[in-house]
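Engineer: Quick one: the structure is below, questions incoming.
The values are calculated or read from the model by the stated rules, or taken from the named source; none is laboratory data. Just so we're clear, the structure is a prediction, and the values are computed from it rather than from any experiment. Cβ: placed from backbone, ideal geometry, glycine included. Neighbour counts: every protein chain shown.
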Amino acid sequence: MPVKHLFLILAACLLISCSPKDDVVILRDQPHDTLNLYIGAVKCSECHQKEFSLWQQSHHYYSMMEAYDSTVLGNFEDQVLISRGITTRFFKKGSQFMVNTAGRNGDMENFRIMYTFGFDPLQQYLVELEDGKIQALRYAWDVNKKSWFDLYPEQDILTGEWLHWTKGAMNWNTMCAECHTTGYQKNYDLNSDSYNSRFSEINVSCETCHGPGEKHIAGVRDSTGYQEHYLNDLSSQQTEIRACFSCHARKSNITDNPTFSGELLDDYIPEILREGLYHADGQILDEVYVWGSFAQSKMYQREVKCTDCHDPHSMDLKKKGNQLCLQCHETTYDQSSHSFHDDGISCVDCHMTGKYYMQVDFRRDHSFRIPRPDQSLVYGTPNACTECHSDKTNQWAANKITDWYGDKRDFHYSEALLKGRYNTGSNLSELQSIAFHDSTSPMVLATAVNYIARLGEENLLDPFLSHPKPLVRYYATRGMAMSAQGPDYTLKMLKDSVRAIRITAAELLNGIEANSIPIEFRSAYNKADYELKQFLEGQADFPTGQFSLGQYHYLKGNIDEAEYHFLKALVMDTLLLAARENLARIANAKGNNARAIELLSINNKLDSMDASAPYSLALIYAELGDLEKSVDFLEKTLSLDNSNERAYYNLGAALQQLDQPDQAVQVYKDGLSVLGSSDMLEQSLAVLLIRLGKATEAKPYVEGLLRKYPGNPDIKELARIVNLN
């Protein structure tokens, strides 16, 4: 059954220069048994007492602690929180901190609090389940209000759903530990779905940023007087930001064991400014952890580092208020002649707006942008003016900006991104204008290249396949894969110097017969395919990771292996509809249509607004000869998604078989009205009209087809019938 093909999508972005190379050395992860190389923060304090003391005041120090009276901030004196119909009780049992709440089966259970997580403005709590899984509760302590609250107060979350607190979204081993401990080793076992996670220190300590200190100590104490640091060099912008990036960015890990090769995309796949994470102009929307917004900014382009503003050990700002900005900016920017507000207004109120996450945690946008209420008028994006003046309109704010600064604005990349996201106006020329502009940040450029690819302008992507920024090559590769030249370009990218790009090229070529790969690329393909499989297996404790493994094996013809991973994905998240749909595809291929219908019917009930399940059900019922049911499901499909060309085609064909040709004619016409044009529907309609004795009515459709395909024998025969020859 031709259920729609679902591709694994790997989003990537990066800022470190490199060039494509023909000679690629595959990066195999080294054994990660390196905990003995970590010496601990206390040992560091013997020589670095000042830095150690500052660190003890920081959020890094309090990132995770064992649960004791001295570390637990929440009230566990028999407190009750009622939310979404669940009564949760927080209490103590001797010296132990306990919670009674609905567990993984929905039954009320007692859980012991093992660790605290953070300390301001909220503190979360971790409990240990079986198989080494450590989970964060969905309830947290508001440090300022001194009260318990539900992190998802508007959501009823099913026990089988990935978002449930006992499932993957709240799993410490996968979602949290890497950035809340030092020297973390996940140690996930794919077959048993269990963890044997370890770390050198329970919080974010010195060696998280500086690297393991064992060799450093040995070098410093060398009796010959020779001293070797053996620590990460954080002196440049790129090396410092690379250290911060691993936790302060929205990204996927290519490996659990970073290679630190010098290229970010050898170890990570960062997110670009995509829908759902950022507003269309690049402002923060979801929790993206700073780097993605900072990477857009002029500050980043001018090599400003995190530690230019933040003390690297206490994490406090280096100066208070506007004095922080005046480290670099002229004092005139701190005057009312610039802001048109009373003296004393904060720079960050206009240029670093923010958003609350987890209800109480305010994070500022680090893209350092000028307010643009004129864009808010057209696209609905937020702006600093009306966020502060909440009783005013965007039009009022736009008028004020014009009154103060005139009606001209310097070009800003957001203008192109907005048009690229919404595909409006002169979007292509705007995207090109930033794509070829030297001052455009790699983050913005990658997003522009992605939009150009989505617009189907593959010929404009050629220059980006050899671009020095890996992020750009990554999206150019994915974009070219959609063109007629795609396979040739994808083969070329198998030899790229950066692992994320090689993985992407292998993924896009997956399913192609091995003997159809040109001999000069086979070695590179085998290496990249190995890296792809490593990457997918490293993601296997995510339901989407299991799903992607299923896709990988399905395209290689390993159907039983694919089925195993799709089933695993559903165990992890019962709402992963694509996994159930692919299981239905496999059941259909094995001749078990009853099982396929059962699986698709579940999807249809779980998401009544999704068009995939009814379309697939329609195809199966057509295969079984039950055309009435097929028609019902095709009509439902089109009511949910009226852009499905094949649904119109199949519905028209089914109606003809049910001896309802007039209804079929109307379906084809409805499809053409919605889609504008369709060779498939135009030819089907012309053939049907001719069969109904309406050759004159068929003639315009045949004329259009003949102009496009003058040498096609089928079209020429239709033209003869309607007297076009």
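Engineer: Just to be sure I understand, how many residues within the stretch 678-687 are farther than 13 Å from residue 721 by Cβ and part of a helix (DSSP H, G or I)? Break it down stepwise before answering.
Structural biologist: Step one: filter the stretch 678-687 for residues farther than 13 Å from residue 721 by Cβ, giving 678-682, 684-685.
Imposing the further condition that a residue be part of a helix (DSSP H, G or I) reduces the set to 679-682, 684-685.
Adding up the residues that qualify gives 6.
Engineer: Out of 471, 536, which single residue is assigned to a helix (DSSP H, G or I) and buried (at least 24 other Cβ atoms within 10 Å of the Cβ)?
Structural biologist: Within the list 471, 536, the selection yields 471.
Engineer: What residue, of 530, 489, 525, is of a type in the set (Phe, Trp, Tyr), in a helix (DSSP H, G or I) and either touching a residue at least 40 places away in the same chain (Cβ under 8 Å) or out of contact with any helix residue (DSSP H, G or I) (no Cβ under 8 Å at 6 or more places or on another chain) (or both)?
Structural biologist: Step by step, each of 530, 489, 525 is checked, and only 530 is of a type in the set (Phe, Trp, Tyr), in a helix (DSSP H, G or I) and either touching a residue at least 40 places away in the same chain (Cβ under 8 Å) or out of contact with any helix residue (DSSP H, G or I) (no Cβ under 8 Å at 6 or more places or on another chain) (or both).
Engineer: Residue by residue through the stretch 349-408, note down the ones that are closer than 26 Å to residue 302 by Cα, aliphatic (A, V, I, L, M) and either in a loop (DSSP other than H, G, I, E, B) or in the same structural domain as residue 123 (by TED's automatic domain parsing) (or both).
Structural biologist: If the condition is that a residue be closer than 26 Å to residue 302 by Cα, aliphatic (A, V, I, L, M) and either in a loop (DSSP other than H, G, I, E, B) or in the same structural domain as residue 123 (by TED's automatic domain parsing) (or both), then 352, 370 are the ones that fit.
Engineer: Can you say whether residue 240 is surrounded by 21 or more Cβ atoms within 10 Å (Cβ to Cβ) and either in contact (Cβ under 8 Å) with a residue 40 or more places away in the chain or assigned to a strand (DSSP E or B) (or both), as far as the supplied structure shows? Reasoning before the result, please.
Structural biologist: Numbers: surrounded by 21 or more Cβ atoms within 10 Å (Cβ to Cβ): no; either in contact (Cβ under 8 Å) with a residue 40 or more places away in the chain or assigned to a strand (DSSP E or B) (or both): yes.
Judged against the criteria, residue 240 is not a match.
Engineer: Right, another one. Being surrounded by fewer than 19 Cβ atoms within 10 Å (Cβ to Cβ) and either small (Gly, Ala, Ser) or within 27 Å of residue 601 (Cα to Cα) (or both) is the filter here; which residues of the stretch 671-687 pass it?
Structural biologist: 673, 676, 677, 678
Engineer: Anything in the stretch 102-113 that is in contact with a Leu (Cβ under 8 Å, 6 or more places away or on another chain) and either over 22 Å from residue 571 (Cβ atoms) or exposed (fewer than 13 other Cβ atoms within 10 Å of the Cβ) (or both)? List them, or say none.
Structural biologist: Result: 113, single match.
Engineer: Determine if the stretch 430-440 includes at least one residue that is of a type outside the set (Ser, Thr, Tyr), surrounded by fewer than 19 Cβ atoms within 10 Å (Cβ to Cβ), at pLDDT below 85 and assigned to a helix (DSSP H, G or I).
Structural biologist: So far as the stretch 430-440 goes, yes, one or more of its residues are of a type outside the set (Ser, Thr, Tyr), surrounded by fewer than 19 Cβ atoms within 10 Å (Cβ to Cβ), at pLDDT below 85 and assigned to a helix (DSSP H, G or I).
Engineer: If you don't mind, there's one more thing I want to ask. When the stretch 65-78 is examined, which residues are found to be assigned to a loop (DSSP other than H, G, I, E, B) and within 26 Å of residue 204 (Cβ to Cβ)? Outline the logic, then answer.
Structural biologist: At the first step, the residues of the stretch 65-78 found to be assigned to a loop (DSSP other than H, G, I, E, B) are 67-78.
67, 68, 69, 70, 71, 72, 73, 74, 76 - these are the residues of the stretch 65-78 that are assigned to a loop (DSSP other than H, G, I, E, B) and within 26 Å of residue 204 (Cβ to Cβ).
Engineer: Tell me which of these residue 101 doesn't satisfy, since it passes every other one: (1) in a loop (DSSP other than H, G, I, E, B); (2) out of contact with any Phe, Trp or Tyr (no Cβ under 6 Å at 6 or more places or on another chain).
Structural biologist: Against the list (1) in a loop (DSSP other than H, G, I, E, B); (2) out of contact with any Phe, Trp or Tyr (no Cβ under 6 Å at 6 or more places or on another chain), residue 101 comes up short only on (1).
Engineer: Do any helices (runs of 4 or more DSSP H) entirely within the stretch 609-670 hold 1 or more residues that are small (Gly, Ala, Ser) and either touching a Lys or Arg at 6+ places or on another chain (Cβ under 6 Å) or surrounded by fewer than 17 Cβ atoms within 10 Å (Cβ to Cβ) (or both), and if so, which?
Structural biologist: On the way: elements: 612-624, 627-640, 645-657.
Qualifying helices (runs of 4 or more DSSP H): 627-640.
Engineer: Among the residues of the stretch 249-286, write down those that are surrounded by 20 or more Cβ atoms within 10 Å (Cβ to Cβ), under 22 Å from residue 533 (Cβ atoms) and of a type outside the set (A, V, I, L, M).
Structural biologist: 251, 263, 266, 267, 268, 270
Engineer: Taking the stretch 672-706, which residues are of a type outside the set (S, T, N, Q) and in contact with a Gly (Cβ under 7 Å, 6 or more places away or on another chain)?
Structural biologist: So the first thing to find is which residues in the stretch 672-706 are of a type outside the set (S, T, N, Q), and the list is 672, 674-676, 679-682, 685-695, 697-706.
The answer is 681, 682.
Engineer: Count, please, the residues in the stretch 323-337 that happen to be crowded, with 17+ Cβ neighbours inside 10 Å and part of a helix (DSSP H, G or I). Please lay out each step first, then the result.
Structural biologist: Step one: list which residues in the stretch 323-337 are crowded, with 17+ Cβ neighbours inside 10 Å, which gives 324-325, 334.
Those still in the list that are part of a helix (DSSP H, G or I) too: 325, 334.
Summing the residues that are crowded, with 17+ Cβ neighbours inside 10 Å and part of a helix (DSSP H, G or I) in the stretch 323-337 gives 2.
Yes/no matrix, rows are residues, columns are (1) surrounded by 15 or more Cβ atoms within 10 Å (Cβ to Cβ); (2) free of Cβ contacts under 8 Å to residues at least 40 places away in the same chain:
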position: 499; (1), (2): yes, no
position: 502; (1), (2): yes, no
position: 542; (1), (2): yes, no
position: 545; (1), (2): yes, yes
position: 560; (1), (2): no, yes
position: 566; (1), (2): yes, yes
position: 570; (1), (2): yes, yes
position: 582; (1), (2): yes, no
position: 586; (1), (2): yes, yes
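Engineer: Does any residue of the stretch 79-88 turn out to be under 37 Å from the mean Cα position of the chain (by Cα), assigned to a loop (DSSP other than H, G, I, E, B), hydroxyl-bearing (Ser, Thr, Tyr) and in the same structural domain as residue 170 (by TED's automatic domain parsing)?
Structural biologist: Scanning the stretch 79-88, I find no residue that is under 37 Å from the mean Cα position of the chain (by Cα), assigned to a loop (DSSP other than H, G, I, E, B), hydroxyl-bearing (Ser, Thr, Tyr) and in the same structural domain as residue 170 (by TED's automatic domain parsing), so the answer is no.
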